[in-house]
Amino acid sequence: MSFLFSEPREPQSLRRRVGAWLETLLILLVFLLAGFWINQDDPFFLRAEFPWLILAPLLPALRYGFHHGFLAALVLVALLALAWQADLFTGPRFPAELAVGMLIVGMLSGEFADSYTRRLNQQRVINDYQRLRLDEFTRNYHLLKVSHDRLEHRLAASGHSLRGALLELRKHLSPGSGDDLSSQAQRIMALFTAYGWVQVAALYAVRNRRMVIRPLAMTGQIGAVDPFDPMVRRALVEGRMATLTQERLSDEEAAERDLLAVVPLVDVSGHVWAIVCIREMPFIALQEENLRLFAVLGGHIGDILSAAQRQRGPESDPELSAFMTDLRRALADHRLYDLPALVVVITLPADHPEAEEMARLFVSQSRGLDRIWQPDDDPHRLFLLMPLTHPEELDPYRNRMDRALAERFGHGMDELGIHIRSHVLQRRDDPETLLETLRETVAVAGHTDPDLRRPGA
């Protein structure tokens, strides 16, 4: 009786259909033979307490559906009528109720079996389709993962660091490299593209804290940018970078936004010269380190634009002005992004005949981001600003300069009487007060203390 536990299904091939009908006839034959073997006087179980004959159409109906159940019941009713006509069982009348009951059981059970089979086949089709889509999704996922890993490796191996970006900025974008913002716009966009993996972006000038609609330079096809976009307004009002991750939007709201980030080109005084609206960039590049690079780049570019504007007017001491601008920027970067910086005071021997040559050596040995100022009224002291420098990096600088002095003059710093003192920038430092305090402290302290600290620091 394995057919009781077999999975119902619609016959599809000729062989299967023939087998189904043969199995239906076999079930009927088994019931008839069992009836004759158990009780020859009542082979149809008419006098039994339970109508066992009703199982004969029920089983093929449940297994193969309406047609098999109905025809099995019809065959049994016909055999029952022939047996009654041949007086094979005794009874006052023909068992019409049993005949009708077998027909109803065969039809109802067969109809339910057909309905279940149709639903099962429909679920099979749906499952096959979903399995196909799942296979496609799995393949696409693995392809995307491989592509993502390759892009991540390329980004990690690119060597683009904050220091490298600022060095490139000073190399290709300086106050003397152009007359105004429009002449330097394409260079600015090239920096964001090269160091920030920006794919689609545009640079817009800002006048009176309002964005000029027409872009000065573009990377890719950005289309129209709404000047009243919340991120644009936030960058213009606050003078700080606005990103999509800061908005705390739902997935639906984030999908409706056009921009990923808006970077203001703002100088240390808070004046916004322009904004860079970024619409597309790789997902792997949308991370904190890369966004911080955008913000720092925007600040340094703003300082360069401000310095270019100041060069048009008279300047009493351009070296001091450049030093103070970089000092203010280093303090701003430290407060906003926790970037370290050092101010180093180098005291040269006033009575040494080659003191001026020593000063030129210190200037030539400075790094790309360092800024040196030599006061006109105190030429034996150099003030060196070292951005992106931790305090522990000062010892390698001392050793490097000691070797350079020994190669040039035959003696190190101690023998030549050169003293180096440092100050680590603090959040509460004020640039003008700090520089004045450093000059006074060095003049009073002489050559005794290796480190300088502001009062109360």
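The values are calculated or read from the model by the stated rules, or taken from the named source; none is laboratory data. Keep in mind the model is a prediction, meaning the values are calculated, not measured. Here the Cβ positions follow ideal geometry from the backbone for every residue, glycine too, while neighbour counts run over all protein chains shown.
Scanning region 324-348 for residues that are surrounded by fewer than 15 Cβ atoms within 10 Å (Cβ to Cβ) and touching a helix residue (DSSP H, G or I) at 6+ places or on another chain (Cβ under 7 Å) yields a count of 1. Looking for something β-branched (Val, Ile, Thr) and either closer than 23 Å to Ala165 by Cα or surrounded by fewer than 19 Cβ atoms within 10 Å (Cβ to Cβ) (or both) - is there at least one such residue anywhere in region 382-402? The answer is yes; a qualifying residue exists. Each residue in region 90-120 was checked for being of a type in the set (Asp, Glu) and over 14 Å from Leu53 (Cβ atoms), and 2 of them qualify. Of the residues making up region 404-419, those that are over 16 Å from Ala350 (Cα atoms) and loosely packed, with under 12 Cβ neighbours inside 10 Å are Glu407, Gly410. Residue count for region 98-141, restricted to those that are basic (Lys, Arg) and over 28 Å from Pro60 (Cα atoms): 3.
Conditions (1) assigned to a loop (DSSP other than H, G, I, E, B); (2) surrounded by fewer than 18 Cβ atoms within 10 Å (Cβ to Cβ); (3) touching a helix residue (DSSP H, G or I) at 6+ places or on another chain (Cβ under 8 Å), marked per residue:
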position	(1), (2), (3)
Glu49	yes, yes, no
Ala56	no, no, yes
His67	no, yes, yes
Leu71	no, no, yes
Leu76	no, no, yes
Leu82	no, yes, no
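Residues considered: Arg428, Arg453, Arg398. Of these, the only one that is part of a helix (DSSP H, G or I), among the charged types (D, E, K, R) and either more than 24 Å from Ser321 (Cβ to Cβ) or modelled with pLDDT of 90 or more (or both) is Arg398. Picking from residues in region 204-238 that are of a type in the set (D, E, K, R) and in a helix (DSSP H, G or I), the one that is farthest from Met281 (Cα to Cα) is Glu238. Any residue at all in region 297-304 that's assigned to a loop (DSSP other than H, G, I, E, B), surrounded by 14 or more Cβ atoms within 10 Å (Cβ to Cβ) and touching a Ser or Thr at 6+ places or on another chain (Cβ under 8 Å)? Checked region 297-304: no residue is assigned to a loop (DSSP other than H, G, I, E, B), surrounded by 14 or more Cβ atoms within 10 Å (Cβ to Cβ) and touching a Ser or Thr at 6+ places or on another chain (Cβ under 8 Å). Quick one: would you say Glu436 is loosely packed, with under 12 Cβ neighbours inside 10 Å, modelled with pLDDT under 90, closer than 30 Å to Leu336 by Cα and within 47 Å of the chain's Cα centre (by Cα)? Yes; evaluated as a whole, the condition is true for this residue. Checked against (1) modelled with pLDDT of 85 or more; (2) surrounded by 13 or more Cβ atoms within 10 Å (Cβ to Cβ); (3) assigned to a loop (DSSP other than H, G, I, E, B); (4) not aromatic (Phe, Trp, Tyr), Val262 passes all but a single condition, namely (3). Residues satisfying the criterion are present in region 416-424 (criterion: of a type in the set (D, E, K, R) and over 21 Å from Leu169 (Cβ atoms)). I'd like to verify a number: residues in region 141-192 that are within 14 Å of Pro282 (Cβ to Cβ), at pLDDT below 75 and either surrounded by 13 or more Cβ atoms within 10 Å (Cβ to Cβ) or not charged (D, E, K, R) (or both), how many? Selection size over region 141-192: 8. Here the condition is being among the aromatic types (Phe, Trp, Tyr), under 18 Å from Pro431 (Cα atoms) and in contact (Cβ under 8 Å) with a residue 12 or more places away in the chain; of Phe294, Phe323, Phe362, it holds for Phe323 alone.
Yes/no matrix, rows are residues, columns are (1) aromatic (Phe, Trp, Tyr); (2) at positive phi; (3) at pLDDT below 90:
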| residue | (1), (2), (3) |
| --- | --- |
| Leu342 | no, no, no |
| His352 | no, no, yes |
| Ala355 | no, no, yes |
| Arg367 | no, no, yes |
| Trp373 | yes, no, no |
| Pro379 | no, no, yes |
| Leu382 | no, no, no |
| Leu385 | no, no, no |
| Leu388 | no, yes, yes |
